[in-house]
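Below is one structure; the comments refer to it alone.
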Amino acid sequence: MSANLGKCNKCGKTAYAMESVRVGPPGKEDVYHKYCFKCQNEGCTWQLNVGSYRYCNGKVYCKNHEPMTGFSNKDHLHGTVDMNNRSVKAAVEAQKKASKPVNEQIRGADCPSCNASTKSGAKFCGSCGVQLFTETMLAGK
């Protein structure tokens, strides 16, 4: 069995098992010397280990510069949102389907008799004195 894992992905020198790490998907692993195993984001020299690296598109990153979630200076991945996705559609349509719009939940609904704005939790209209249906009345309490 050979202790030679191949060439280091960063410096190009031979990497031996005791001084290197292998990262990446099975069958397409990249080899790095332990001292060459650093974040590949421009300007970052953070030393990585097998517990702290993030692998994306053939490059290794520290947690802060991971393109998917980190604060990358250059290599942020940009995706698109599929508006036909069922969960995306549900989120977009949620406000339209609400029986009581969010703003009314906060500031109160309009009076059904005189259309005056009412405060949230008010039991009677301040303008015409009509009793309002409150959440507790609707729940039957």
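The values are calculated or read from the model by the stated rules, or taken from the named source; none is laboratory data. Everything numeric in this text was worked out from a predicted model, so none of it was measured. All Cβ positions, glycine included, derive from the backbone under ideal geometry; neighbour counts span all protein chains shown. When the accessible area is computed, the model is the full protein with side chains, heavy atoms only, and any ligands, DNA or RNA have been set aside. Shrake-Rupley method; radii C 1.70, N 1.55, O 1.52, S 1.80 Å.
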Among residues of the stretch 6-20, those that are surrounded by fewer than 17 Cβ atoms within 10 Å (Cβ to Cβ) and touching a residue at least 12 places away in the same chain (Cβ under 8 Å), counted: 8
Taking the stretch 31-47, which residues are more than 27 Å from the chain's Cα centre (by Cα) and loosely packed, with under 14 Cβ neighbours inside 10 Å? Tyr35
For Val60, only one of the following conditions fails: (1) of a type in the set (Val, Ile, Thr); (2) open to solvent by less than 30 Å² (accessible area, probe 1.4 Å); (3) at pLDDT below 85. What is its number? (3)
Over the stretch 63-98, the set of residues modelled with pLDDT of 70 or more, of a type in the set (D, E, K, R) and closer than 30 Å to Cys8 by Cβ is Lys63, Glu66
Just checking, does the stretch 21-30 include any residue being surrounded by 14 or more Cβ atoms within 10 Å (Cβ to Cβ) and either among the small types (Gly, Ala, Ser) or under 24 Å from the mean Cα position of the chain (by Cα) (or both)? yes
